[in-house]
Amino acid sequence: MDMEDGEKNHLNMYHSIQASCDLLSSIGDISLSPNIDKKKAKKAIKTYVENNYITPGEVLLFVDNTIFRSGKQGMMITDKMLFSFSNISGRFSISLDSIRFISPQVRYALKNPQLGLVINKRHFVSLPGFTGESLLLRDYIDAQGFSLIGKITTDLMYFSIFLSQSINCNLLLDKEPDPGPPPWYSK
């Protein structure tokens, strides 16, 4: 990828987020640049990003999965990368250009539902706070020609549609085969 492609990706993701900021902001766990707490982003970078090679200013979208909003578990998106960490899914990073498939899924840990995304039919990104059922998001989902399936919430479905459209990848809506109990990463 040359510099122009990198700049184009940044503009595409930045503009996608800006164009969707009202809907994205309706999901309680999401913070958007420039309103991302730099201290939390710094803490998240130490946990999610191997070699800490990004700065808080590069984070365009931040998902904080923690109850006390510490930022120690969640997901971040920059102009080029997606980073995530959770105890049940481990640390995961992928370039946005490498994402071919996104699938909203509900997995079970000790019979408790765990909402998240399966990326490229392999990696699970845990998003346990995406439990909202918003009429605004439901209207958007319906207008895009999608419907909610099973226990997928409007928060998770909208976010899946947003990501698939923003990075131009396939949205898979079929239920995945049972992945077994967590942890859902290689040790």
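Each reported figure results from applying straightforward, stated rules to the coordinates on display, with no laboratory input. Because the structure is predicted, anything quoted here is derived from the model rather than measured. For neighbour counting, all protein chains shown are included, and Cβ atoms are generated from backbone atoms with ideal geometry for every residue, glycine included.
Contact map, region 28-41: first residue closer than 11 Å to G74 by Cα, second residue in a loop (DSSP other than H, G, I, E, B) and of a type in the set (A, V, I, L, M), Cβ cut-off under 8 Å, separation 6 or more or different chains; pairs are D29/L127; A41/V59. Counting only residues that are in contact with a Ser or Thr (Cβ under 8 Å, 6 or more places away or on another chain) and free of Cβ contacts under 8 Å to residues at least 40 places away in the same chain, region 72-112 holds 4 of them. Per the conditions (1) closer than 20 Å to D29 by Cα; (2) polar (S, T, N, Q); (3) free of Cβ contacts under 8 Å to residues at least 60 places away in the same chain, the sole criterion not satisfied by Q144 is (1). Pull out all pairs, ordered by first then second residue, where Cβ-Cβ is under 7 Å, the residues are six or more apart or on different chains, the first lies in region 113-138 and is more than 17 Å from M81 (Cα to Cα), and the second is among the aromatic types (F, W, Y) and surrounded by 19 or more Cβ atoms within 10 Å (Cβ to Cβ). The qualifying pairs are L115/F130; G116/F124; F130/F159; L137/Y158. Among the residues of region 91-125, those identified as out of contact with any Gly (no Cβ under 9 Å at 6 or more places or on another chain), closer than 19 Å to F162 by Cβ and of a type in the set (S, T, N, Q) are S95, S98, S103, N120.
Only one of the numbered conditions (1) closer than 23 Å to K72 by Cβ; (2) touching a residue at least 24 places away in the same chain (Cβ under 8 Å) is violated by L173, and that is (1). Scanning region 115-133 for residues that are more than 14 Å from the chain's Cα centre (by Cα) and under 19 Å from D64 (Cα atoms) returns G132, E133. Would you confirm, using the coordinates I've provided, whether S160 is within 19 Å of L32 (Cβ to Cβ), crowded, with 17+ Cβ neighbours inside 10 Å and among the hydroxyl-bearing types (S, T, Y)? Yes: the conditions hold for S160.
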